[in-house]
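Chemist: Handing you this structure, nothing more for now.
The values are calculated or read from the model by the stated rules, or taken from the named source; none is laboratory data. Not measured: the values here are computed from a predicted model. Note that we place each Cβ from the backbone using ideal geometry, even for glycine, and neighbour counts take in every protein chain shown.
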Amino acid sequence: MFAKMFSKGAIQVDFSDLIATKIKEIMQEKNINSSQLSKLTGIYRSTLTMYLTRKNRTIRLENLLYICEAFNMKLSEFFSDKRFDDAEANDWKNKID
């Protein structure tokens, strides 16, 4: 599952929520709505809407790549946001402890 938790101090934030937040922030910066992003990426608008409204908590890596291409950025640039620095795969770590 791509939705992992990470914490900053006492607050835990879902990794998947952070990805959706980042996408929405870039959409706002570039003045792009979900219909326009759908046309730019080839991803169904309903798929984008379900993810961005958090009704679907998983995003396919390929779709994130298409979104980054539409934003004219590399995936590495997308994840260079400092908010991703403390990301941990807590579910996975709990299984091996």
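Chemist: For segment 66-88, which positions are loosely packed, with under 15 Cβ neighbours inside 10 Å and aliphatic (A, V, I, L, M)?
Modeler: 73, 75, listed by residue number.
Chemist: Also, quick follow-up: So which residues in segment 12-31 are part of a helix (DSSP H, G or I) and either touching a residue at least 24 places away in the same chain (Cβ under 8 Å) or in contact with a strand residue (DSSP E or B) (Cβ under 7 Å, 6 or more places away or on another chain) (or both)?
Modeler: Of everything in segment 12-31, those that are part of a helix (DSSP H, G or I) and either touching a residue at least 24 places away in the same chain (Cβ under 8 Å) or in contact with a strand residue (DSSP E or B) (Cβ under 7 Å, 6 or more places away or on another chain) (or both) turn out to be 15, 16, 17, 18, 19, 20, 22, 23, 24, 26.
Chemist: Same structure again: Yes or no: segment 32-41 includes at least one residue that is within 15 Å of residue 70 (Cα to Cα) and not in a helix (DSSP H, G or I).
Modeler: Within segment 32-41, the subset within 15 Å of residue 70 (Cα to Cα) is 32-41.
From what is left, the residues that are not in a helix (DSSP H, G or I) are 32-33.
Looking through segment 32-41, at least one residue is within 15 Å of residue 70 (Cα to Cα) and not in a helix (DSSP H, G or I).
Chemist: Only residues that are in a helix (DSSP H, G or I) and surrounded by fewer than 16 Cβ atoms within 10 Å (Cβ to Cβ): list them for segment 42-65, please. Please lay out each step first, then the result.
Modeler: Taking segment 42-65 as the starting set, the residues that turn out to be in a helix (DSSP H, G or I) are 45-52, 61-65.
Scanning segment 42-65 gives 45, 46, 49, 50, 61, 62, 65.
Chemist: Restricting attention to segment 54-73, which residues are within 17 Å of residue 25 (Cα to Cα) and at pLDDT below 95?
Modeler: Once the filter is applied, which keeps residues that are within 17 Å of residue 25 (Cα to Cα) and at pLDDT below 95, segment 54-73 yields 54, 59.
Chemist: A further question on this structure: Here's a check for you: in segment 74-95, which residue that is part of a helix (DSSP H, G or I) and at pLDDT 80 or above is nearest to the chain's Cα centre (by Cα)? Don't jump to the end; show me each part of the working.
Modeler: Taking segment 74-95 first, the residues part of a helix (DSSP H, G or I) are 75-78, 82-84, 90-95.
Filter once more, so that each one left must be at pLDDT 80 or above: 75-78, 82-84.
Working: 75: 11, 76: 13, 77: 13, 78: 9, 82: 14, 83: 12, 84: 10 Å.
The qualifying residue nearest to the chain's Cα centre (by Cα) is 78.
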